[in-house]
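Below is one structure, written out as structure tokens; the observations come after it.
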Amino acid sequence: TVKPRPTATFALSGPASFCAGGSVNLTAPLISGYTYYWYKDSVNTGSGNVKLAKLAGNYFVVAKLNGCSDSSSSVAVSVNPLPIASISTTSPTTFCQGDSALLNALPTGQNYSYKWTNGIISSINQSSSFSAKIAGTYKVMVTDNIGCSSIYSISSVKIKINSLPVATITP
């Protein structure tokens, strides 16, 4: 008796490289009688026709049918780390109305973008420096050159603005 050999294949629902916290579905076709077993770095990670890949590694599937099996080619999944945002300043953080403080964000890099907030207003900027002219506690979010975004920085800079005195004259 010659049994048909299954064919192990699968498709990805998106890119095999994504930012930390992301994932990609690996989906084998639903074929009657097939049983699928998923492997990451040659370690069995479960069965079924769909595998959610959240971790970096080499994934492949083994298809079984009537005691026969076939292994697919592997796909390398990579997980890119999120930048860790921080904010600092060397400017005075208390100043008179009309002045400003220069805030600096880290990390920096070519094609990075920065989202600055003081809890009330937000500004998206291509520069790692920001001129704060409004009172508030400032934080920054950094998006790197491959599109991975940090959370808002744990560090912050509190800006306090003193009102200008009102000059009066009496005759």
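For the range 1-109, relative contact order (Cα pairs under 8 Å, six or more residues apart, normalised by length) works out to 26 percent. Charge tally for ALA105 (other residues, Cβ to Cβ under 15 Å; Lys, Arg +1; Asp, Glu -1): +1.
The charge dipole of the chain, taken about its Cα centre with unit charges on the Cβ of Lys, Arg, Asp and Glu (plus for the first two, minus for the last two), comes to roughly 300 debye.
Cross-link pairs exceeding 26 Å in C-alpha to C-alpha distance, out of LYS139/LYS160; LYS54/LYS139; LYS40/LYS115, comprise LYS54/LYS139; LYS40/LYS115.
Counting only protein heavy atoms and a 1.4 Å probe, the range 18-171 has 58 square angstrom of accessible area per residue. Taking Cβ atoms as reference points and 15 Å as the exclusive limit, the residues near ALA85 contribute a net charge of +1, counting Lys and Arg as +1 and Asp and Glu as -1.
Taking a Cβ cut-off of under 12 Å around ALA135, the surrounding Lys, Arg, Asp and Glu residues balance to a net charge of +2, with basic ones at +1 and acidic ones at -1. What separates the Cα centres of the range 1-77 and the range 142-171 is a distance of 50 Å. Among the cysteines of the chain, those with no neighbouring cysteine Cβ under 4.7 Å are CYS68, CYS96. Nonpolar atom fraction for the chain, defined as the carbon and sulfur part of the 1.4 Å probe accessible area, stands at 55 percent.
The values are calculated or read from the model by the stated rules, or taken from the named source; none is laboratory data. Remember, it's a predicted structure, so these values are computed and weren't measured experimentally. Don't worry about glycine lacking a Cβ; one is built from the backbone with ideal geometry, like all the others, and counts go over all protein chains shown. Ligands, DNA and RNA are excluded from the accessible area calculation, which covers all protein heavy atoms including side chains. Shrake-Rupley method; radii C 1.70, N 1.55, O 1.52, S 1.80 Å.
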